[in-house]
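Okay, so here's the structure we're looking at.
Each value in this text was obtained by applying a stated rule to the coordinates, not by laboratory testing. Predicted, not measured: the structure shown is a model, and the values here were computed from it. Don't worry about glycine lacking a Cβ; one is built from the backbone with ideal geometry, like all the others, and counts go over all protein chains shown.
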Amino acid sequence: MDYKNLDETGAYAKLLSRVPAGKPYDIAPLLDERRVASCLLPMAGGLSYSWAAKAVNTPELELLQALSDEQDLIGKYRLLLDGEIMNPGEGRKVLHHLLRGQLGKPVIYEGKDLGEFYARELERFSVFADLVRNGKILGSTGKSFEYAVQIGIGGSDLGPRALYLALENWAVAAGRKKLSARFISNVDPDDGAQVAASVDLERTLFILVSKSGTTQETLANELFIKGKLKKAGLDPSKHMVAVTSETSPLAHNPDYLDSFYIDDFIGGRYSSTSAVGGVILSLALGRETFAELLEGAHETDKSALENDIMKNPALLDALIGVWERNFLGFPSTAVLPYSQALSRFPAHLQQLDMESNGKRVNRRGEALDYATGPVVFGEPGTNGQHSFYQLLHQGTDIVPLQFIGFLESQLGDDVEVDGSVSQTKLKANLAAQIVAFAKGKADPNGNKSFPGGRPSSLICGKKLDPRALGALLAHFENKVMFQGFVWNLNSFDQEGVQLGKVLTKQVLSGQSGDSALDAYSKLLGIL
Ligand SMILES: O=P(O)(O)OC[C@H]1O[C@](O)(CO)[C@@H](O)[C@@H]1O
C-alpha cells in the first residue's frame, strides 16, 4: 500500500486552485429547495446526511473523489478490516469494526480467531447482564442490583456514558430500562464520593473498566469504592466486575465477580461497541438494546466500503471536512445535536477525533506541512444557541457545524404552547440556524449584520433509537478514520497523553528534578 502525505497528491494542488481568492466561499446563492432535496444521502440506521449547506460544489466534489481514489481510502479501510497492522506506532491491528460483525478476512492472531473471541465475550456479558437483570445474581446481602456504576476514564468512560444517556429515555419508553447507570471517571475525589452517595451501595454493581489496567485515576477510584463497600459491610468481590484486556494486571483476578475481555486491538476511544460499553448498556438497558446498537454500527461499517463518495456518507463527510480544514482553512468544528439525549455525544467525539487526528507527524513520524485534526467542541441545541452561537454567527472565525436532529422525541411527552409542541420548536430552531448560518443577513448597522457563509451539515433521523445511535457512532468513527488516511496519520495511538503522566508521577514521587514543577507543586500545596 502506498502511504502519501496529502500535499504529495495530485488532487492537493487542484483543490488549492479551487479556493476563492480573498473572499469566503459564498454558499448563500447555493442554498435553495432543489439543493436541500438533492444533497441528501441515506445512511444506515434510518438516518440521512444532508450536505446542502456545505461550502462545496461539483468541481470540488470531483476533486475530493479523486483524492479519495489517489489515497486509496477504501483500500486502506479494507486492509484495516483484514487485520493488517494499521497502528504502526504500537505495531497493532485496529479491530473495532470486528466487534459488530465480519467485513474482511477472518483475523487470526496467535492461533486465535479474534472475531470469535469478541463474539464469545459479547455472549458472556450478555448472559451475565440477563442474570443480573432477572435477579439471579445478587449482591453480598442477597439484594438485587438497581444501579450499575462504571469506573473508567477517557474511552472507558466517554463513549459508554454518551451512549447510555442517549438511550436511557428511549429504553424507559420501550420498557427496557432495569438498572440506573452512573459513571465515575475523574480522580477528583468529589466525583467518586458524589456518585457513591447517590446510589444504594447494597444494590450497586460496579464495573471497573480499564483496557490497560494501569490508569491512575481508575485504580484510585477502584480502591476508593472498595473502601466504601467494606465500610458499608459489603463484600467488594460480589459488587464489582472488571472489563480489561487479557494482558492487563487486572485480568484473571478472582476478587471480581466476573471479568470480560477486550484486547490491544480495540483502541480506548473506539471501544464503545466492545465490553467497555456493552456491559453497562446491557445491564442497564438490556442485551437486545446493545445488539441493535451493534447492528446499526455494522450497517454503517458496510456502507463505508463504497468507493463512490456520493454513496458513502462517512467518506463524503470526511472529505468535506478535509476541504474545510486544509483548503478553506477552518481550524475547528462544532457538533450540535438538537437532542438532549446526545448531551455527552460531543464530548465523546472530542476524544474520538482529537486523540486520533491531533497529530503533527505522519505515520512514519515525519513532520507535516499541513493542518490535521480540527478542534472539536459542542453542546446540544437549543442550549448552545444561548451560549456560544454568538461567536459562531458573528465571530472572526468560521466554524463548520455538524448538526444532528430527529423528527420525534424519545418519550413523546410534550406540551403545546403558542400553537406548537416543544419538539416542533426544537426542529424549527434547527432549520432556522442552518439557514441563518449559511445566508446571514445584511444590515447597515455592522453590529446587527450577519455575514453568513458559515457551512453546516445535518444528520437527521426519525427517532434516536439504538440502531440510529449505533449508526451515528460508527459514522463518526469511520469519518475520523478516513480523515486520518487522507492526512497520512496514525490515528490509532495517543503518544501526546504520555508526557503529562510521566511528570505527574515525578511530582508524586517527590523527585521532580524540575524547578518549575516544584514551584507549581508548592503553589498547589503538594510539597
Ligand atoms: O482504558 P484505560 O487503559 O484505563 O485507558 C483510558 C484512557 O486513557 C488513554 O490512554 C489516554 O490517557 C485513552 O486513550 C484511554 O481511552
(message) Suppose we keep just the DSSP beta bridges with both residues in the chain; what percent of those would be antiparallel, to 5?
(response) 30
(request) Provide the packing ranking of 502-508, 352-358, 465-471, 225-231, i.e. peptides ordered by the mean count of other C-beta atoms within 10 Å per residue, highest first. (result) 465-471, 352-358, 225-231, 502-508
(message) Give the aspartates and glutamates whose C-alpha is closer than 19 Å to that of LYS177, dropping any in the same chain fewer than 8 places away, or say none.
(response) ASP130, GLU146, GLU168, ASP200, GLU288, GLU292, ASP413, ASP465
(request) Any chance you could count the Lys pairs in the range 217-323 whose alpha carbons are under 30 Å apart, treating pairs 8 or more apart or on different chains as valid? (result) 4
(request) Please give the helix 498-509 orientation as an angle from the longest Cα principal axis of the chain, in degrees from 0 to 90, rounded to the nearest 10. (result) 40
(message) Give me the one-decimal nm value for the distance between modelled label points at ALA197 and VAL36, 7 Å along each residue's Cα-to-Cβ direction.
(response) 4.9
(request) Could you name the lysines whose alpha carbon sits less than 26 Å from that of LYS425, not counting residues in the same chain fewer than 8 places away? (result) LYS54, LYS439, LYS441, LYS448, LYS462, LYS463
(request) Please determine, in degrees from 0 to 90 and to the nearest 10, the orientation of helix 114-133 with respect to the longest principal axis defined by the Cα atoms of the chain, where the helix direction is its Cα long axis. (result) 60
(message) Relative to 2.2 N^0.38 Å, what does the C-alpha radius of gyration of the chain come to as a ratio? Two decimals please.
(response) 1.00
(message) Between 0 and 90 degrees, rounded to the nearest ten: what's the tilt of helix 158-173 against the longest Cα principal axis of the chain?
(response) 90
(request) Beta carbons within 10 angstrom, averaged per residue: use that to sort the peptides 191-201, 50-60, 360-370, highest first. (result) 50-60, 191-201, 360-370
(message) What does the charge count around ALA232 come to, taking other residues whose C-beta lies under 14 Å from its C-beta (Lys +1, Arg +1, Asp -1, Glu -1)?
(response) +4
(request) Provide the packing ranking of 83-92, 418-427, i.e. peptides ordered by the mean count of other C-beta atoms within 10 Å per residue, highest first. (result) 83-92, 418-427
(message) Please compute the modelled spin-label separation between ALA21 and ASP413, points set 7 Å along Cα→Cβ, answer in nm with one decimal.
(response) 6.1
(request) Could you pull out every one of the lysines with an alpha carbon less than 16 Å from that of LYS14, ignoring same-chain neighbours closer than 8 positions? (result) none
(request) Assign unit charges at the C-beta atoms only (+1 for Lys and Arg, -1 for Asp and Glu), then state the dipole size of the range 105-292 relative to its Cα centre in Debye, rounded to the nearest 20. (result) 500
(request) Sum up the charges of everything whose Cβ sits under 15 Å from the Cβ of VAL502, counting Lys and Arg as +1 and Asp and Glu as -1, but leave VAL502 out. (result) 0
(message) Test of understanding: what is the full-extension gain from PHE450 to GLN102, defined as 0.36 nm times their sequence separation minus their Cα-Cα distance?
(response) 120.4 nm
